[in-house]
């Protein structure tokens, strides 16, 4: 779990003047502004226009379940971290990713939404080296309706990144990441690590 001092750090930075909208149920969204074309497009972007059986598990209270994270980089097979089993994130720190210096890579998340609309999901990551923070990155993932049997999960590919190069960049890094929504609910917080080296 994130420590008290990191709790605020792991929240996404809000755009000045941005106000989180009022939370609504799926039924409220369906009835909302039926004649408003822009609202209809927004509801379709959430996946509210389609049909299909809701896959929400009544015995699982989680709102957003992160199923996996995958690192893709040209010249090597994708590295996938299975997070579908509860507690699987607890061992990530002890199994560092290996990243070749200067390599371009991108991460993607596979996740499932259940019970209600998920509003403004972000991925936030803080990277440290020898205990000193070297970066904070965030990625807006979006808002989503609960998954159905016609669309059993969502996948979001993040912006491409480049690993640093040079002798000073090589070495071991630790990171703390979270998936957090507009209500500041953290759906998954985990520590992980990676090594930057000359080769994969």
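Modelled with pLDDT of 65 or more, exposed (fewer than 14 other Cβ atoms within 10 Å of the Cβ), touching a strand residue (DSSP E or B) at 6+ places or on another chain (Cβ under 9 Å) and under 30 Å from residue 137 (Cα atoms): which single residue out of 52, 75 fits that description? Break it down into steps so the answer makes sense when it comes.
Working: 52 fails: under 30 Å from residue 137 (Cα atoms).
Sole residue among the options that is modelled with pLDDT of 65 or more, exposed (fewer than 14 other Cβ atoms within 10 Å of the Cβ), touching a strand residue (DSSP E or B) at 6+ places or on another chain (Cβ under 9 Å) and under 30 Å from residue 137 (Cα atoms): 75.
Please work out which one of (1) surrounded by 14 or more Cβ atoms within 10 Å (Cβ to Cβ); (2) at pLDDT below 95 is the condition residue 110 fails and give its number.
Condition (2) is where residue 110 drops out.
The values are calculated or read from the model by the stated rules, or taken from the named source; none is laboratory data. Every value quoted in this text rests on a predicted model; they were computed, and no experiment measured them. FYI the Cβ positions are ideal-geometry reconstructions off the backbone, even for glycines, and counts take in every protein chain you see.
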